[in-house]
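The values are calculated or read from the model by the stated rules, or taken from the named source; none is laboratory data. This structure is a prediction, so every number in the text was calculated from the model and none was measured. Positions of Cβ are backbone-derived with ideal geometry, glycine not excepted, and every protein chain shown enters the neighbour counts. Side chains included, ligands, DNA and RNA excluded: accessible areas come from the protein's heavy atoms. Shrake-Rupley method; radii C 1.70, N 1.55, O 1.52, S 1.80 Å.
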Amino acid sequence: MNPEELKQIAVLRTMDDDVLAGLAAAVEEKDYADRQTVFAEGDPGDSMYFIVRGCIRIEKRAQAASAVHKTLAVLEASDYFGEMALLDQKPRSASAVAAGGATILRLSKAAFDQMQGRSSVAGMSLLFSMIRTSSERIRRLSAQVVVYDEVGKAIGESRDLQTLLDVILQQLASASAADWGLLLLRSQFSDLLELRSRINLALSSEQAEAVTKGQGFLGPVLQKPGDQLVASLHDEEPFKSCARLGFETASLLMSPITVEGQFLGLIVLGGNERGQFDLNALNLVRGVARQAAQAILNARHREEEAARSRHSRQFVRF
């Protein structure tokens, strides 16, 4: 491994050349195929890893004996993971799985100890660099915990659907630092969308009508519902070819709300800067959409029953 190549890793960029040379001699490079496991939850912790290319998904079992895994984070090139193994060597608290092909560097605990034995400066430099960068992870995790907690409370306490939808959009827009947001639900009586919640976005009557019809950048997502992370609206197909609605911004994040394959609606977040959202923001929005989907469906059924009840009373009076 060329020491210069290690400078692609964010946590290593400020380290001295001598330290990087020692680290380059200690790491092992390995390629992983899509969904190949780097380590599994419960495995012995004996090394840490740096991502050279691709993405790694950090997952945890929903329950001790469950085969269902929840994604905690999605790490991209220049990031690192598994660092606690250098400190406590306890079993892995989560699994690491390649999300697409990935190339990573492995630094074993034994190699780290040898490197530190030759030069304590090298080991301490690496540890201090990780401490500095870990604060961002802690802030992100704290924001996610708040979002899930607030949405969970809204699911349990909200008496009406509108309150729940407003809480969902407000929490997601805040946690992802979005500049604006929309929450759309499919109409129960037609193929149109209902614009149920918005934040930091004023729409003309023509724009609102276009949104309800699923025009512009909404079209591709509605034709084939799925998560979309658009770093540059003007450069990425199929979105750059879509008709403009007049309020689009450089980057978009969209996640459908579904229950057992039934499309209920769509969460849309917009950012003024290119690449404003990352995979962790997408993972958070996707997680909240799944968390709230059944509650939204139940609330829609209650709305429908209430509407039928009102209609029946009016018919009887007539």
- May I ask you to list the aspartates and glutamates whose Cα is less than 17 Å away from that of Lys109, ignoring any residue fewer than eight positions away on the same chain? Glu28, Glu29, Asp43, Asp46, Glu83, Asp88
- What FRET efficiency do you get for Ser119 and Arg35 if R0 is 41 Å and r is their Cβ-Cβ distance, rounded to the nearest 0.05? 0.60
- Item | For P(r) over Cα pairs in 10 Å bins from 0, in percent, calculated from these coordinates, the label among [x] 5, 22, 27, 21, 14, 7, 2, 1, 0, 0; [y] 5, 24, 33, 23, 11, 3, 0, 0; [z] 6, 27, 30, 21, 12, 3, 0 | [x]
- Task: Return a whole-number percent for the relative contact order of the chain, with Cα pairs under 8 Å and 6 or more residues apart as the contact set.
- Result: 14 percent
- Query: Considering only Met15, Ser95, Ala111, whose Cα is most displaced toward the positive end of the charge dipole of the chain, charges sitting on Cβ of Lys, Arg (+1) and Asp, Glu (-1)?
  - Reply: Ser95
- Evaluate the charge dipole of segment 1-70 about its Cα centre and quote only its size in Debye, nearest 20, assuming +1 on the Cβ of each Lys and Arg and -1 on the Cβ of each Asp and Glu. 560 debye
- Item | Burial ranking of peptide ranges 144-151, 283-290 (average Cβ count within 10 Å, highest at the top) | 283-290, 144-151
- Solvent-accessible area per residue for the chain (1.4 angstrom probe, square angstrom): 51 Å²
- Note on the structure: With +1 at each Lys and Arg Cβ and -1 at each Asp and Glu Cβ, the charge dipole magnitude of segment 239-294 around its Cα centre, to the nearest 20 debye, comes out at 100 debye
- Hey, quick one: spin label on Glu28, modelled 7 Å out along Cα-Cβ, who in segment 88-127 has an amide N within reach, i.e. under 11 Å? 106-111
- Item | Heavy-atom accessible surface of the chain: percent carbon and sulfur, 1.4 Å | 50 percent
- Just how large is the dipole of the chain about the Cα centre, in debye to the nearest 20, putting +1 at every Lys and Arg Cβ and -1 at every Asp and Glu Cβ? 1160 debye
- Amide H contacts of Leu192 (H built 1.01 Å from N, under 5 Å, at least 5 apart or other chain): Ser187
